[in-house]
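The values are calculated or read from the model by the stated rules, or taken from the named source; none is laboratory data. Model, not experiment: these values are computed from the prediction. Backbone-built Cβ (ideal geometry, glycine too); neighbour counts: all protein chains shown. With ligands, DNA and RNA removed, areas are computed over all heavy atoms of the protein, side chains included. Shrake-Rupley method; radii C 1.70, N 1.55, O 1.52, S 1.80 Å.
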Amino acid sequence: MKKGINHILYLNAAETASLEEQLQGWGEVILVADKILRWERAWFPLVLMGGVSFAFLMIYYLDPSVLSGVSCFVMFMCLADYLVPALAPRIFGSNKWTTEQQQRFHEICSNLVKTRRRIIGWWKRIFTLKEEKPKMYFMTMLCSLAGIAWVGQQVHNLFLTYLIVSFLLLFPGLNQHGIITKYVGMAKREINKLLKQKEKKNE
């Protein structure tokens, strides 16, 4: 058991170190993005939503085809991948990199590795369910995909994408400030009340 845990810790450490090396040129930008996503200042959510809203308004106004949109997105990513490592040290100053910043950068990379492992774990669980309980897998996938298809039919695809992107970008800040925990706790309490009331009626 201990050997298994140590092996997992070793793999996490190795993957984190590899990711740190790959993202070293993006270090300053990642730290700034981390501060914005975690809402270190009260007006950061407004900046975040303003930027996302502007981007989606431009997409709505230009109304590019799927091929043009994908090409522009990939082109933007290629430019960022080339320019950011070259310009970031000049803008932020590489000599200002402190131990605290290095520690935070390490934590971010470690969290990214853990998130990737969770996603892979969920993906493996789906295939395990398919092998062990094919009927449940089939019904779950059918109902889930049908529900997603119905939502996609009812809501405009660009607006739906806007809502999803906005939620994903706001999630770290909501989680950091305990807002998600607060409302999840409230929902659990309400569900427990309803279950207790139902039990009393059955009695």
Which residues, taken from region 65-84, are more than 20 Å from Lys35 (Cβ to Cβ) and open to solvent by less than 60 Å² (accessible area, probe 1.4 Å)? Ser68, Gly69
From Ile108, Ile120, grab the single residue that is free of Cβ contacts under 8 Å to residues at least 60 places away in the same chain and under 20 Å from the mean Cα position of the chain (by Cα). Ile120
Can you find a residue that is surrounded by 10 or more Cβ atoms within 10 Å (Cβ to Cβ), modelled with pLDDT of 90 or more and aliphatic (A, V, I, L, M) anywhere in region 169-176? yes
Could you identify the single residue in Thr98, Thr140, Thr115 that is under 30 Å from Glu28 (Cβ atoms), open to solvent by less than 70 Å² (accessible area, probe 1.4 Å) and more than 22 Å from the chain's Cα centre (by Cα)? Thr98
Go through (1) modelled with pLDDT of 90 or more; (2) surrounded by 12 or more Cβ atoms within 10 Å (Cβ to Cβ) one by one and return the number of the condition Ala146 breaks. (2)
Which residue is surrounded by the most Cβ atoms within 10 Å (Cβ to Cβ), if the candidates are limited to region 17-32 and must be in contact (Cβ under 8 Å) with a residue 12 or more places away in the chain and acidic (Asp, Glu)? Glu28
Of all residues in region 59-107, count the ones that are part of a helix (DSSP H, G or I), within 30 Å of Leu160 (Cα to Cα) and among the small types (Gly, Ala, Ser). 4
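When you check Pro45 against the structure, is it part of a loop (DSSP other than H, G, I, E, B) and either open to solvent by less than 40 Å² (accessible area, probe 1.4 Å) or at pLDDT 85 or above (or both), yes or no?
So Pro45 does not fit the description; no.
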